[in-house]
1. Taking only DSSP H segments of four or more residues, each worth -39500 (n - 2.57), what value at 222 nm results for the chain once the sum is divided by all its residues, to the nearest 500 deg cm²/dmol?
2. May I ask you to order 23-31, 2-10 by the average number of other C-beta atoms within 10 Å around their residues, highest value first?
3. Taking N as the number of residues in the range 1-67, what is its Cα Rg relative to 2.2 N^0.38 Å?
4. Spin-label point model (7 Å from Cα, Cβ direction): what's the residue 39 to residue 73 distance in nm?
5. Please compute the per residue accessible area over the chain with all protein chains in place, 1.4 Å probe, rounded to a whole number of Å².
6. Round to a whole number: what % of the accessible area of the range 1-49 belongs to carbon and sulfur, probe 1.4 Å?
7. Highest mean first, what order results for 12-19, 61-68 on Cβ atoms within 10 Å?
Amino acid sequence: MRELLTPSHREMATTAEAFLDRAGQAGRTAADLGIHRQTLYYRLGRVERITGLDLDDGADRLLLHLTLKAARLD
């Protein structure tokens, strides 16, 4: 998880947070980020590889979302 929070992965973290903030609604997330939906899926796949989490799993989504929000408190 720490690797996702590094400056080199800022775009991936921002994408994941936006996706989770919008309850996993891919179309809305892509539109709000101004990216193609396929780009969103690519980035989310990278997030899964970086973190080792499965975004199809509710507990993993919650863990990621909480981690991203807690990182903003620092």
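The values are calculated or read from the model by the stated rules, or taken from the named source; none is laboratory data. Quick caveat: nothing in here was measured; it's all calculated off a predicted structure. Neighbour counts are summed over all protein chains in view; Cβ atoms, including those assigned to glycine, are modelled from backbone coordinates with ideal geometry. In case anyone asks, the SASA skips ligands and DNA or RNA and just uses the protein heavy atoms, side chains included. Shrake-Rupley method; radii C 1.70, N 1.55, O 1.52, S 1.80 Å.
1. Roughly -21500 deg cm²/dmol at 222 nm, from the helical runs in the chain.
2. 23-31, 2-10
3. Computed over Cα atoms of the range 1-67, the ratio equals 0.99.
4. 3.3
5. 63
6. Ligands and nucleic acids excluded, carbon and sulfur give 47 percent.
7. Order by mean packing, descending: 12-19, 61-68.
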